[in-house]
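The values are calculated or read from the model by the stated rules, or taken from the named source; none is laboratory data. This structure is a prediction, so every number in the text was calculated from the model and none was measured. We place every Cβ from the backbone using ideal geometry, glycine too, and count neighbours over all the protein chains shown. Each accessible area value is taken on the protein alone, full model and side chains, heavy atoms only, with ligands, DNA and RNA left out. Shrake-Rupley method; radii C 1.70, N 1.55, O 1.52, S 1.80 Å.
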Amino acid sequence: MKQEENIPDEGEVILIDKPLTWTSFDVANKLKRACKFKKIGHAGTLDPLATGLLILCTGKKTKQIDTYQAQEKEYTGTMVLGKTTPSIDLETDFNADYPTDHITPEVLETARQQLTGPIEQIPPMYSAIKIDGVRAYKLARRGDEAEIKKRAVEIRLFEIDATHFPSIDFRIICTKGTYIRSIVRDFGVLAGSGAYMSKLCRTRIGDFELKDAWELTAFIHQKRVALNLEVDE
């Protein structure tokens, strides 16, 4: 076996299907250690409770990260009307119940239309945005309040399927910087109720698709084999 030190890193673009509960940093850190990359970064954060396509760049390829981050993204997921959580997903406990009896297909369609096209949204307090140098989620977890400014994004496609109402499946194509949890939160408000996200998967970034991504442990296995490193059974 080769020594696990000083293995050259020529730089590559890696597509990983991010596991549930892992942070994007967790994935990058795991790959750096296991595959002996000297330099690695990811092109666009996914929340811990989201799965799907994560692009990582190593070595000289890290210079391309901004290019990938700027590309159009596609998501599928599920939101549930009638309840809310502080994080707008299942990271935190439910904090309120709302009526849903008044919600008709017409109400859902109006909300969908209002959240399609160029919009302004306020990112979730439970996010990695920095406020005076501190990550917003850190402030949220210790109960501090802070103002997050609106940002302009474009929702190029927003499809909904309310077959299993109050659960609503959705598909969204959007520009860089869009927070899907903010769309879910605002959809609930526009419907005269509340909403949280129960599932989210990123299926595409630009021309890169989830179907072409590696499962994390499978990638690590093949990479260590290729580098002639010891492989855990």
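Restricting attention to region 81-90, the residues being buried (at least 17 other Cβ atoms within 10 Å of the Cβ) and either on the phi > 0 side of the Ramachandran plot or out of contact with any helix residue (DSSP H, G or I) (no Cβ under 8 Å at 6 or more places or on another chain) (or both) number 4. Among the residues of region 173-199, those that are small (Gly, Ala, Ser) and assigned to a strand (DSSP E or B) comprise Ala195, Ser198. When residues in region 56-94 are screened for being hydrophobic (A, V, I, L, M, F, W, C), closer than 22 Å to Phe170 by Cα and not in a strand (DSSP E or B), 3 of them pass.
Taking the conditions (1) open to solvent by less than 80 Å² (accessible area, probe 1.4 Å); (2) in contact (Cβ under 8 Å) with a residue 24 or more places away in the chain in turn, Phe94 satisfies each one other than (1).
Here's the yes/no breakdown for (1) surrounded by 11 or more Cβ atoms within 10 Å (Cβ to Cβ); (2) touching a residue at least 40 places away in the same chain (Cβ under 8 Å):
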{"position": "Ile119", "(1), (2)": "yes, no"}
{"position": "Ser127", "(1), (2)": "yes, yes"}
{"position": "Ile131", "(1), (2)": "yes, no"}
{"position": "Val134", "(1), (2)": "yes, no"}
{"position": "Gly143", "(1), (2)": "no, no"}
{"position": "Ile155", "(1), (2)": "yes, yes"}
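When restricted to residues that are open to solvent by 10 Å² or more (accessible area, probe 1.4 Å) and under 30 Å from Ile160 (Cα atoms), region 45-65 contains 5. Note on region 16-32: among residues that are over 12 Å from the mean Cα position of the chain (by Cα) and touching a residue at least 24 places away in the same chain (Cβ under 8 Å), the one that is surrounded by the fewest Cβ atoms within 10 Å (Cβ to Cβ) is Lys30. On inspection, Ile148 fails the criterion of being in contact (Cβ under 8 Å) with a residue 12 or more places away in the chain, buried (at least 19 other Cβ atoms within 10 Å of the Cβ) and not polar (S, T, N, Q). Taking the listed residues Val231, Val189, the one that is without any contact (Cβ under 8 Å) to a residue 24 or more places away in the chain and open to solvent by 60 Å² or more (accessible area, probe 1.4 Å) is Val189, with no other qualifying. Collect the residues in region 161-184 that are over 18 Å from Ile119 (Cα atoms) and surrounded by 14 or more Cβ atoms within 10 Å (Cβ to Cβ), keeping them in residue-number order. If the condition is that a residue be over 18 Å from Ile119 (Cα atoms) and surrounded by 14 or more Cβ atoms within 10 Å (Cβ to Cβ), then Ala162, Phe165, Pro166, Ser167, Ile168, Asp169 are the ones that fit. If you go through region 197-215 one residue at a time, do you hit one that is of a type in the set (Phe, Trp, Tyr), in contact (Cβ under 8 Å) with a residue 24 or more places away in the chain and open to solvent by less than 10 Å² (accessible area, probe 1.4 Å)? Checked region 197-215: no residue is of a type in the set (Phe, Trp, Tyr), in contact (Cβ under 8 Å) with a residue 24 or more places away in the chain and open to solvent by less than 10 Å² (accessible area, probe 1.4 Å). Would you confirm whether or not region 66-80 contains a residue that is of a type in the set (Asp, Glu), under 19 Å from the mean Cα position of the chain (by Cα) and open to solvent by 50 Å² or more (accessible area, probe 1.4 Å)? Yes, region 66-80 contains at least one residue that is of a type in the set (Asp, Glu), under 19 Å from the mean Cα position of the chain (by Cα) and open to solvent by 50 Å² or more (accessible area, probe 1.4 Å).
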